[in-house]
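Below you'll find the structure, written out as structure tokens, and then a few comments.
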Amino acid sequence: MKMKLFTVAAAMIGSQLQAQDSAGKVLDEIILTSNKYPRKQSETGKVTTVINRHQLDKSKGKTIGELLNSVAGITIIGANNNAGTNLTTSIRGASAGNTLILVDGIPVTDPSVNNNYFDLNFFSIDQIERIEILKGGQSTLYGSDAVAGVINIITKKADRDKVSFYGTLTAGSYNSYKQSLGFSSGKGSTDYSVSYTHNGSKGFSTAYDKNRIGSFDKDGFDQHVADIRMNQRISKKWGANLYATYNYYQTDLDASAFTDEKDYTVKNDNLKTGAGVKFDHKKGTLRFNYNFNYTERFYLDDSLFKGNPYVDFSQSRYIGRTHYAELYNNWKWTNWELLAGADYRLNNTYQYYFSTGMFGPYDPPAWNDKMNQVSPYTSIIYKKKGFTGELGGRLNVHSEYGTNFTYTINPAYLINQKIKLFINLYSAFKAPTLYQLFDPSAGNIDLNPEKGNIEEAGIEYFVNSSFNFRLVAFYRNTKDAIVYTYNPATFQSKYLNVSEQKNYGAEAELSYTAGKLSVNANYTYTDGKTTSAYDGSGTSIGKDTSYYNLYRIPKHAINLNAGIQATPSLYISSHVRSISKRKEYIYGAVPQTLKAYMTVDLYGEYKFNKKIKAFLDLKNITDKEYFELLGYNSRKFNFTAGINFNL
């Protein structure tokens, strides 16, 4: 208890020292994600958070994982580890794959991985315009996987009537460096942008050397991202767009927690490409979008160094392909708004594995499977005298398990343009992944979707752009949760719908601005339990038993961002992050406890003129050593310095 009080006190003291630029927080921004068409934040009862372009401009030294970690209720596990670490996204304690990633409103997933989650390493912060986070069950609008919420990454596009050449050059700790360049033109009827980012680091040992042997090698990272986008204004009513993004990165791996490996690498490829058409009519907009998403991961553990006593050499390839098409329309009248649409998803994966070692070669047959979903949906909103009510539903027709239905009920009331009261009732679902359905060793084609019921209630108070406070309580109950099970008697494994998971907690967020000063703070409490006849390793325990299920998720998390525009040219800010102790699952053993920690970051930038600035980002200035993942190093004190220009 004393440690918790000290942590909170330290954060509060830090808030009095510095504050953040007032332009970084717009309390009633226009958002797209809550209803798929533009609405003010005050006009929806849904819990939304926006990281706008101004905030991104002051985060050039950060990764997208580090930035999202500062948002209430979000935990990006691995964000502070070595570059290239797998990043697991959790909103309000939900397990991996229960947060849906969107790019410009379009779902992106990787059907080659167990939980269908998308790799956040495939995003470069330099190519992002803004990020909109929508919490709660969002399956009515966005379908499968949106159980805990969605994160919509909106890409940078050309500014209207402007030609720009922009870029960022950085260098920092661990021999890290980045070069990012872009060009855009918004003149005429055709807008287009082209950008390229190279990001590299010699890194440090991914595995933690607990015996202080000193022989663990550094694990490097090398990434290339190319993006091209075009928007064509065909007429006053018609418009079309084309885009393509290619991301490649290679990173070195270690064998496991606390275990070094010197010749184990993974190469990751991702291609996102698509097109869209829109038609503006008197009452709204009709839109059609198509997206193709391709991911490939190739693992190679060469034979020069033997990190596993049973394997001399191994290689594996995992390919995921997703086709997504959507047609929807919105209509607006005096007091009513209507959204109706449908989407189609086709997921395919190809996978193979080969190894040789102590017991000879292991060469199981490659497997290749697919599934599809068709989902019509609708949402209707009524507004009058401060009251806003939304009612929506989605029917999902799946090629393997059949059909399921989800709903949304969102009443909210705005009092005197200052106080917003809201209650949100959602149902949401996560369809079984290709891996869970068809994996040769454990797949089960009889699986049903995981079904979540989510409840939110809260209050938001705001005064113009100077003060904002939001308090939200949440509860989520997921039934038919899919669990990997193992029978030690028969040595058989299988995925089954045998678990019920409950998560609950609260979020408090505050922002305050006074002239050049501003403070943004949030606190999240998260708790939960799982009820199942199987333990965390998937082994039967004979009867339904409840146990704590928030592995690697803190019960208590505090973020405080503070700064000051000291002069028209000089900006200074700080970030304090306090994380309580967490549980770490250990296969076949009692879970361990990861210690609580607090980190302090400092950031400063100096503008030479309106077009060029220099910045310095100092992270973990107290050189705190801690674990996000047991047995893997997190970054101690490190820095990034650079130049940013926009000509």
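No lab work stands behind these numbers, since they all come straight from the coordinates. Note that this is a predicted model, so its numbers are computed, not measured. Note: ideal-geometry Cβ built from the backbone for every residue, glycine included; neighbour counts use all protein chains shown.
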Measure off 7 Å from each Cα along the Cα-to-Cβ vector at A257 and Q315, then give the distance between these two points in nanometres to one decimal. 3.1 nm
Give the cross-link partners of K283 among the aspartates and glutamates, using a straight C-alpha distance below 16 Å as the criterion and excluding same-chain residues fewer than 8 apart. E337
List R582, R130 from most exposed to least, where exposure is judged by having the fewest other Cβ atoms within 10 Å. R130, R582
Using label points projected 7 Å from each Cα along Cα→Cβ, tell me how many nm separate F608 and S189, to one decimal. 4.1 nm
Counting only the backbone N, which residues of region 365-389 are under 20 Å from the spot 7 Å out from the Cα of W336 toward its beta-carbon? 377-389
Qualifying chymotrypsin sites (Phe, Trp or Tyr not before Pro) in region 258-305, DSSP loop, other Cβ atoms within 10 Å at most 15: F258, F305
Expected unfolding gain across T356-I409 under the 0.36 nm per residue rule, minus the alpha-carbon gap, is 13.6 nm
Cβ-based charge dipole, the chain, positive-most Cα from A473, A557, N80: A473
Over the chain: helical MRE at 222 nm, DSSP H runs n ≥ 4 each giving -39500 (n - 2.57), nearest 500: -1500 deg cm²/dmol
Cβ-based exposure ranking for T99, T334, in which fewest neighbours within 10 Å come first: T334, T99
Using the alpha-carbon centroid of each, what span in Å lies between region 145-163 and region 496-518? 22 Å
Residues H54 and Y290, FRET efficiency given R0 of 45 Å [Cβ-Cβ distance, rounded to 0.05]: 0.90
Please list, by residue number, everything in region 48-73 whose backbone N is under 19 Å from a paramagnetic label point 7 Å out along Cα→Cβ of K624. 62-63, 65-73
Extension gain, K237 back to I445 (0.36 nm per residue minus Cα-Cα distance, nm): 70.3 nm
How much length, in nm to one decimal, is gained on full extension between V463 and L391, taken as 0.36 nm per residue of separation minus their Cα-Cα distance? 23.0 nm
Separation between the Y248 and N308 pseudo-spin-labels, each 7 Å from Cα along Cα→Cβ, expressed in nm? 2.6 nm
Output the pairs from K430/K636; K385/K479; K58/K187 with a Cα-Cα distance over 29 Å in this structure; if there are none, say none. K430/K636; K385/K479
How do E584, E261, E66 rank when sorted from fewest to most other Cβ atoms within 10 Å of their own Cβ? E584, E66, E261
If you take the beta carbon distance between H281 and K581 as r and set R0 to 51 Å, what does 1/(1 + (r/R0)^6) give as a FRET efficiency, to the nearest 0.05? 0.40
Quick one: check the C-alpha center-to-center distance for region 218-288 versus region 346-395, whole angstrom. 18 Å
Where in region 77-109 does the label zone of K218 land, with the point 7 angstrom along Cα→C-beta and an amide N cut-off under 18 Å? 81-85
In percent, what relative contact order does the chain have, based on Cα pairs under 8 Å that are 6 or more apart in sequence? 13 percent
Pairs beyond 25 Å (Cα-Cα), from K46/K451; K218/K624; K502/K583; K62/K610; K262/K581: K262/K581
Quote the FRET efficiency, to the nearest 0.05, computed for Q417 versus T531 with a Förster distance R0 of 60 Å and r equal to the Cβ-Cβ distance. 0.85
Here region 551-568 yields Karplus 3J(HN,Hα) values (6.51, -1.76, 1.60; θ = phi - 60°; whole Hz; Gly and Pro given as x) of 5, 6, 9, x, 5, 10, 9, 10, 10, 9, 10, 8, x, 8, 7, 4, 9, x
